[in-house]
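Everything below concerns the one structure shown next.
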């Protein structure tokens, strides 16, 4: 039986094997283990478990038709780990991400994802913009949103304000895309 030296709790899944051989097993839910069909002889038996010091029992004498009962207490091995960094980035180009951005925004916004564009038959940015509700394209160049003049609208591409192409109008000209 394999137990924790300090707490006396059984260790489920501890590895037991004879050094220098491929013969081994692991403990069950009760910390017990059984090695069968071992040739008679002297062996060194190793017992290991994650975060415990390996315990080696030298000179285990295996005899024919004889059971050996071993109780092994493993000592916990304290290891100081270095820092662990977990990082993640929010995907902002999926349908779900754009919908959650729209719902959480305090402003009236709309957006189209790369997934939506790839599913459409649109060949340029002006055709994509025409699909958005409340958006009108003037002269295939400038956008009017919900009836507001193009000078009140900002165009953002890849999270940056697109520059205006006309000197007297602040709006972005979509015919250059």
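Going residue by residue through region 23-31, is there one that turns out to be farther than 24 Å from residue 75 by Cβ and in the same structural domain as residue 58 (by TED's automatic domain parsing)? Within region 23-31, one or more residues are farther than 24 Å from residue 75 by Cβ and in the same structural domain as residue 58 (by TED's automatic domain parsing). Scoring residue 15 on the criteria (1) touching a strand residue (DSSP E or B) at 6+ places or on another chain (Cβ under 6 Å); (2) in contact (Cβ under 8 Å) with a residue 60 or more places away in the chain leaves a single failure, condition (2).
Matching residues to (1) surrounded by 11 or more Cβ atoms within 10 Å (Cβ to Cβ); (2) at pLDDT 80 or above:
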position	(1), (2)
112	yes, no
119	no, yes
127	yes, yes
138	yes, no
142	yes, no
149	yes, no
158	no, no
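Here residue 79 meets each of (1) within 29 Å of the chain's Cα centre (by Cα); (2) at pLDDT 80 or above; (3) exposed (fewer than 12 other Cβ atoms within 10 Å of the Cβ); (4) more than 30 Å from residue 153 (Cβ to Cβ) with one exception, condition (2).
The values are calculated or read from the model by the stated rules, or taken from the named source; none is laboratory data. Here the structure is a predicted model, which is why all the values come from computation and not from measurement. All Cβ positions, glycine included, derive from the backbone under ideal geometry; neighbour counts span all protein chains shown.
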